[in-house]
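Have a look at the structure below before the remarks.
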Amino acid sequence: MKYIDQYRRRFLGTASAAFTGLSIAPGILLQTVHAKAVDEAVTSQYRWGLLIDTNLCDPGCTDCVEACHQENGIREIHGPETDAQWIRKVTLKHKKTEHILNMPVMCQHCAEPPCVDVCPTGASFKRADGIVLVDKHICIGCRYCMMACPYKARSFIHEKLSDQLPHAPRGKGTVEACTLCVHRIDRGENTTACTQACPNGAMTFGDLKDPQSQISKKLAEHGGRELRAKLKLDTGVRYQGISS
Amino acid sequence: MRFASFLFLLWVIPLHAGELTGPDRDANGNIVPTPKGEACVEPAEVMRREHMNLLLHKRDQTMYDGIRTKRASLNECIDCHVTPDANGKTARADDETFFCSSCHIAASVSIDCFDCHGDRPLDMIKNSGLQK
Amino acid sequence: MSSPRYQTLTSSPAFLASLIIGFVVLGIAAIGAFNMEHEGHYITGMSNQVVWGMPHVLAIFLIVSASGALNIASIASVFNKDFYKPLARLSAVVAIALLVGGLAVILLDLGRPDRLLIAMTHYNFRSIFAWNIILYTGFIGLAGVYLWTMLDWQMEQFKRAAGIAAFSWRLILTAGTGSIFGVLVAREAYQIAIMGPMFIVLSLGYGQAFYMIVIGLFMDNKQLSEVSKRLSRLMGVMIMCGLAVSVIYHLSNWFLFDARQFELYLLNSETIFPILLWGIHPVIGCILPIWLLRSGSGLADSQKLTLSGILVIIGGISQFYALVIGGQSFPMPLVEGYSATSSFFDGAIVSYTPSLWELMLGSGGFAIALLLIVFCLRLFRLLPVSK
């Protein structure tokens, strides 16, 4: 334990140094350093989200899906019934006007996530910055979260995997979903693989709590709709261009 | 009697032949894979006793607080301790020659880290053509 | 009324046959469970769409039945009906055995059954599932204590208290099991207002069905003839209550919760569900056993009780299958007013066919329950001796 304490002290030292820095020159740091330092814990100062403009989403284009699966090492194995899909392209057709919409659907990173409420062990959790994740170390694979998710966002791993990517551990018998590219966010990158891959810029990633962020500005201007808003889950992923 | 000892030798020699030609072994006959780099994050004595605590502590920090520093990160362990042989291949998690398994098999302590974590560095996965 | 006398089970053909069948099925289940655990769930019919399959149908059925099986004992000690007192001991044993069987199936179907310890040490108290883990273990404990007060004359004074505790606990347990589905706001099939009460009512008939099979197999004919008529009548009432609450469930889905598309899917589509819900459950699971128990049709009491118990169970499993599988295979709406299609089966009705492996695993729950019951019958004086 001694060594952990040493480690903790060193970490606290760095953290307090960073804090001192903040208090000495708040004006400079707060504006330029948007993301956290690598050894700082995430805080509820941020809430990460996505805004998807369905008008800009091309039918048939799956660039976001491919980029996500490339980024996180998700490969085709036993077919669409059992393979993981962290993000999928959904085609919507209006029942009366037959108007067609296209959009990617992934974990909506709810502020009130049903998956977190139902998880018996607490493996499903929401990080301070609003990202909903699965702690696969304590996931027992009961799939109750999959029953509870209104967006079918989660996948169960149906077979033994190998050669998982270092930043995206995944394994047989546990449940997983879109992580909002949490490894990128922790590195301070202000984007996700899907956002970056979209050829039309239909996706905007950003901090919903920062009124100056691009995503907040776009939301303020045109609004954004939650999927299944009646459930009042306060999703972190919003959609534009869906008329009722 | 002679035939029996012949049989015994037939049985014993292959058992120990690996010790002459195979990977490095310590005084107890356990395999000791060679890491790259000069030193671990802590002295070997400390790592032998404390690696699981360091890893567990880091695991929860990464999982819940998003702290992805290199120290005590399983990915860093793998980068150093999973090294390719002359043919460019690495031992896999189930192999006796895999760094973690070399002790864990001998000590009969099963670990499930590699059910979810990849057992070789990113470069190796990329070289295998599984990942761009 | 003089105090009843009890005996242990002798090595009857029924006992030996139960042992053999129990162990054979248990072995088959072990192969199924091991293979599912080793290969992963892709070898089952379960998928990312239908995430709970046949093992859950059977396990939930066993768990619900377990709480109902305690009913005979509750009538005796909570409601003080002398007639049921000799039958009470066995009722507690059947309840515990069914619960253990059901839990074993749920556990072995987990993605990581090796992490049982985590399930026991990490609790999320907002999760109804976590509460159920506590309710199940508590039930086994309470029913065990209750059984003890019935077996040991020195404990006699605590019998009523233990009986009331176990009875209250079982009501909460069954409502809790129903609420596992009830809290799923995302899915139209499950509404909290009805799932809990419905499970409680259904448990009465299904639990007693198992109880009747056990006494039909192991109780001597003279004793059976004394109890069969009253048990038959009670069973008839329980079956009708179960059927009534099922009708209420579908009616409330239709009129109160506006889940009409889903009800049409269950009751009028080219799937297996209309067959289960119009045919197997009401006809084979309700009408046929009631007719069998009333008219007799020339069968011996033991045959009547066993056979009608089996029919009720077949009906019950069909009903749970429609509820669990039907509820998952029907698509959830993504955006109101729009129909959806995708590579992930959005907007599509998904098919589910249980694989042999999961049927093998599921049958293990019944084998465990059977073996536990015959072991207890052999070890303890549970069967009343006719006077």
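A quick yes/no check of all residues on (1) hydrophobic (A, V, I, L, M, F, W, C); (2) within 14 Å of chain A (Cβ to nearest Cβ); (3) closer than 30 Å to C:ARG230 by Cβ:
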| site | (1), (2), (3) |
| --- | --- |
| C:LEU293 | yes, no, yes |
| C:GLY315 | no, no, yes |
| C:SER329 | no, yes, no |
| C:MET332 | yes, yes, no |
| C:VAL335 | yes, yes, no |
| C:ALA340 | yes, yes, no |
| C:PHE344 | yes, yes, no |
| C:PHE366 | yes, no, yes |
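Given the conditions (1) open to solvent by 20 Å² or more (accessible area, probe 1.4 Å); (2) of a type outside the set (Val, Ile, Thr); (3) more than 17 Å from C:ILE325 (Cα to Cα), and given that C:GLY242 satisfies all but one, which numbered condition is not satisfied?
It is condition (1) that C:GLY242 fails.
Tally the residues that are more than 9 Å from every other protein chain (Cβ to nearest Cβ) and crowded, with 24+ Cβ neighbours inside 10 Å, restricting the search to region C:94-110.
9
In the set A:HIS167, A:HIS158, A:HIS222, which member is more than 14 Å from chain C (Cβ to nearest Cβ) and surrounded by 17 or more Cβ atoms within 10 Å (Cβ to Cβ)?
A:HIS167
Name the residues in region C:34-66 that are buried (at least 22 other Cβ atoms within 10 Å of the Cβ), within 8 Å of another protein chain (Cβ to nearest Cβ) and of a type in the set (S, T, N, Q), would you?
Within region C:34-66, C:SER47, C:ASN48 qualify.
Scan region C:179-198 for residues that are part of a helix (DSSP H, G or I) and either within 14 Å of chain A (Cβ to nearest Cβ) or among the acidic types (Asp, Glu) (or both) and jot them down.
Matches in region C:179-198: C:SER179, C:ILE180, C:PHE181, C:GLY182, C:ILE192, C:MET195.
Please verify whether C:VAL374 is more than 29 Å from C:GLY182 (Cα to Cα) and in contact with a strand residue (DSSP E or B) (Cβ under 8 Å, 6 or more places away or on another chain), treating the condition exactly as stated.
no
For the condition farther than 21 Å from A:LEU161 by Cα and either in contact with a strand residue (DSSP E or B) (Cβ under 6 Å, 6 or more places away or on another chain) or not aromatic (Phe, Trp, Tyr) (or both), what is the one hit in B:ARG92, B:ARG120, B:ARG59, B:ARG68?
Of B:ARG92, B:ARG120, B:ARG59, B:ARG68, the one residue that is farther than 21 Å from A:LEU161 by Cα and either in contact with a strand residue (DSSP E or B) (Cβ under 6 Å, 6 or more places away or on another chain) or not aromatic (Phe, Trp, Tyr) (or both) is B:ARG68.
Identify, please: which residue in region C:278-314 is of a type in the set (S, T, N, Q) and part of a helix (DSSP H, G or I) and is, among those, surrounded by the most Cβ atoms within 10 Å (Cβ to Cβ)?
Step by step, filter region C:278-314, then rank; the result is C:SER308.
Among the residues of region B:103-110, are any away from every other protein chain (no Cβ under 14 Å), touching a Lys or Arg at 6+ places or on another chain (Cβ under 9 Å) and touching a residue at least 60 places away in the same chain (Cβ under 8 Å)?
yes
In region A:122-137, which residue that is open to solvent by 10 Å² or more (accessible area, probe 1.4 Å) and free of Cβ contacts under 8 Å to residues at least 24 places away in the same chain is farthest from the other protein chains (Cβ to nearest Cβ)?
So, considering only residues that are open to solvent by 10 Å² or more (accessible area, probe 1.4 Å) and free of Cβ contacts under 8 Å to residues at least 24 places away in the same chain, the one farthest from the other protein chains (Cβ to nearest Cβ) is A:LYS126.
Answer with yes or no whether A:PRO150 is surrounded by 22 or more Cβ atoms within 10 Å (Cβ to Cβ) and touching a residue at least 40 places away in the same chain (Cβ under 8 Å).
Yes: the conditions hold for A:PRO150.
Considering only region A:170-196, state which residues are open to solvent by 30 Å² or more (accessible area, probe 1.4 Å), modelled with pLDDT of 95 or more and away from chain C (no Cβ under 14 Å).
Scanning region A:170-196 gives a single hit, A:GLN196.
Could you give me the residue pairs with C-beta distances under 6 Å whose first residue belongs to region B:50-61 and is within 7 Å of chain A (Cβ to nearest Cβ), whose second residue is open to solvent by less than 40 Å² (accessible area, probe 1.4 Å) and of a type in the set (Ser, Thr, Tyr) wherever it lies, and which are 6+ apart or on separate chains?
none
Could you count how many residues in region A:141-155 are over 18 Å from C:TYR42 (Cβ atoms) and more than 7 Å from every other protein chain (Cβ to nearest Cβ)?
So the count comes out to 3.
Would you check which residues across region C:329-370 are farther than 30 Å from C:ILE31 by Cα, open to solvent by 60 Å² or more (accessible area, probe 1.4 Å) and part of a loop (DSSP other than H, G, I, E, B) and list them?
The answer is C:PRO333, C:GLU336, C:SER343, C:ILE349.
Return the only residue of C:ILE164, C:ILE180, C:ILE192 being open to solvent by 10 Å² or more (accessible area, probe 1.4 Å) and farther than 30 Å from C:ASP346 by Cβ.
The unique qualifying residue is C:ILE164.
Need at least 3 residues that are in contact with a His (Cβ under 8 Å, 6 or more places away or on another chain) and either closer than 22 Å to A:LYS136 by Cβ or open to solvent by 60 Å² or more (accessible area, probe 1.4 Å) (or both) per element, so show me which helices (runs of 4 or more DSSP H) inside region B:38-127 make the cut, counting only ones lying wholly within it.
B:74-81
Could you list, in sequence order, the residues of region C:188-199 that are modelled with pLDDT under 90 and out of contact with any helix residue (DSSP H, G or I) (no Cβ under 6 Å at 6 or more places or on another chain)?
Matches in region C:188-199: C:GLN191, C:ALA193.
Suppose we filter A:VAL118, A:VAL105, A:VAL90 for residues that are in contact with a Cys (Cβ under 8 Å, 6 or more places away or on another chain) and either open to solvent by less than 20 Å² (accessible area, probe 1.4 Å) or assigned by TED's automatic domain parsing to the domain that holds A:GLU66 (or both); which single one remains?
One residue alone meets the criteria, A:VAL118.
Within region A:73-99, can you find the residues that are touching a Ser or Thr at 6+ places or on another chain (Cβ under 8 Å) and more than 7 Å from every other protein chain (Cβ to nearest Cβ)?
If the condition is that a residue be touching a Ser or Thr at 6+ places or on another chain (Cβ under 8 Å) and more than 7 Å from every other protein chain (Cβ to nearest Cβ), then A:ASP83, A:ALA84, A:TRP86, A:HIS99 are the ones that fit.
Would you check if there is a residue in region C:259-277 being loosely packed, with under 15 Cβ neighbours inside 10 Å, on the phi > 0 side of the Ramachandran plot and not in a helix (DSSP H, G or I)?
No, every residue in region C:259-277 fails to be loosely packed, with under 15 Cβ neighbours inside 10 Å, on the phi > 0 side of the Ramachandran plot and not in a helix (DSSP H, G or I).
For region C:111-127: of the residues being touching a helix residue (DSSP H, G or I) at 6+ places or on another chain (Cβ under 9 Å) and more than 7 Å from every other protein chain (Cβ to nearest Cβ), which is most open to solvent (accessible area, probe 1.4 Å)?
It comes out as C:PHE125.
Going by the structure shown, is C:LEU204 open to solvent by 30 Å² or more (accessible area, probe 1.4 Å), in contact with a Gly (Cβ under 6 Å, 6 or more places away or on another chain) and either among the hydrophobic types (A, V, I, L, M, F, W, C) or closer than 21 Å to C:PRO282 by Cα (or both)?
yes
The values are calculated or read from the model by the stated rules, or taken from the named source; none is laboratory data. These figures come from a predicted structure and were not determined experimentally. Here the Cβ is made from the backbone with ideal geometry for all residues, glycine too, and neighbour counts use every protein chain on show. In case anyone asks, the SASA skips ligands and DNA or RNA and just uses the protein heavy atoms, side chains included. Shrake-Rupley method; radii C 1.70, N 1.55, O 1.52, S 1.80 Å.
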